[in-house]
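The values are calculated or read from the model by the stated rules, or taken from the named source; none is laboratory data. As the structure is a computational prediction, the values presented were derived from the model and not from experiment. Neighbour counts run over all protein chains shown; Cβ positions are idealised from the backbone, glycine included. All accessible areas refer to the heavy atoms of the entire protein, side chains included, with ligands and DNA or RNA removed. Shrake-Rupley method; radii C 1.70, N 1.55, O 1.52, S 1.80 Å.
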Amino acid sequence: MKLPILLLASSLLIAACPASAADRGFYAGAGLGQMNTEVDDVLGLDYDFDEDDVGFKVFGGYRFFPWLGVEGAYLDGGSPSIKESRGGETLKLGIDVWSLVASAVFALPVGERFELFVKPGIAYWDAETRLSFSSPTFSDSFREDDSGSAFFLGAGAGFEVTDNFGLRLEYEWFEVAPEWDSDNDEFVDELDANAGYLSASFLFRF
């Protein structure tokens with residue numbers, strides 16, 4: 001849902017301003033945004049986790065041509081969590097996600113200062129699931145780490161402020177499945193779980 005909205009907003013932005021993309025060379029940058037983590041049926045509790053938190057990213061890459069480059073990034077999704085209380089019982093659940101991403105960057109220069117881009121690639125993620133339960137007669141806590149790799153896709157728009165300094169607005173998505181398999185007493189990577197990151201970044205071209 002967010003990806004079409006982002007592309008529409010990018011198109012409107014381009015239509016309102018002069019525009020195009022950088023040429024070749026190395027670049028690096030950083031950004032802030034909102035990470036949304038969704039996991040269906042967490043830990044077999046018949047509970048769907050769908051929470052947001054502020055995250056950050058750092059990235060770097062190389063542009064071979066105005067339309068093609070490669071990029072590596074580190075994404076930190078913050079610490080999204082939920083707390084529910086019912087009849088004296090309290091449940092706390094948090095899922096943290098970090099990821100290293102390697103992607104190709106396909107850009108469409110528009111005018112002199114704007115570009116649209118898509119970034120398919122691979123995300124190598126780590127996740128930490130924290131669960132605690134307390135009642136008047138019982139309390140317990142649980143924490144488990146998980147990791148894996150998944151297809152990654154990003155898309156957005158870039159604006160070249162100067163020859164060396166630029167801005168980005170983008171949305172990035174990858175699957176992540178920090179889920180407990182009660183039959184085998186282990187975490188598995190086979191669930192409907194994903195992370196989406198909407199961010200604004202700056203970059204510097206060398």
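Below, the figures for the structure above:
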{"read-out": "Of residues in the range 98-123 being of a type in the set (D, E, K, R) and touching a residue at least 60 places away in the same chain (Cβ under 8 Å), the one most open to solvent (accessible area, probe 1.4 Å)", "value": "E112"}
{"read-out": "Candidates S147, S141, filtered to the one that is under 23 Å from the mean Cα position of the chain (by Cα), within 23 Å of E51 (Cα to Cα), at pLDDT below 85 and open to solvent by 30 Å² or more (accessible area, probe 1.4 Å)", "value": "S147"}
{"read-out": "The range 65-77, residues that are aromatic (F, W, Y) and surrounded by 13 or more Cβ atoms within 10 Å (Cβ to Cβ)", "value": "W67, Y74"}
{"read-out": "Sole residue being modelled with pLDDT of 80 or more and within 20 Å of W125 (Cα to Cα), chosen from L43, L32, L68", "value": "L32"}
{"read-out": "Any hit, the range 181-203, residues being closer than 26 Å to G60 by Cα, acidic (D, E) and at pLDDT below 90", "value": "no"}
{"read-out": "Residue in the range 78-90 that is out of contact with any His (no Cβ under 9 Å at 6 or more places or on another chain), under 25 Å from S147 (Cα atoms), open to solvent by 80 Å² or more (accessible area, probe 1.4 Å) and at pLDDT below 90 present", "value": "yes"}
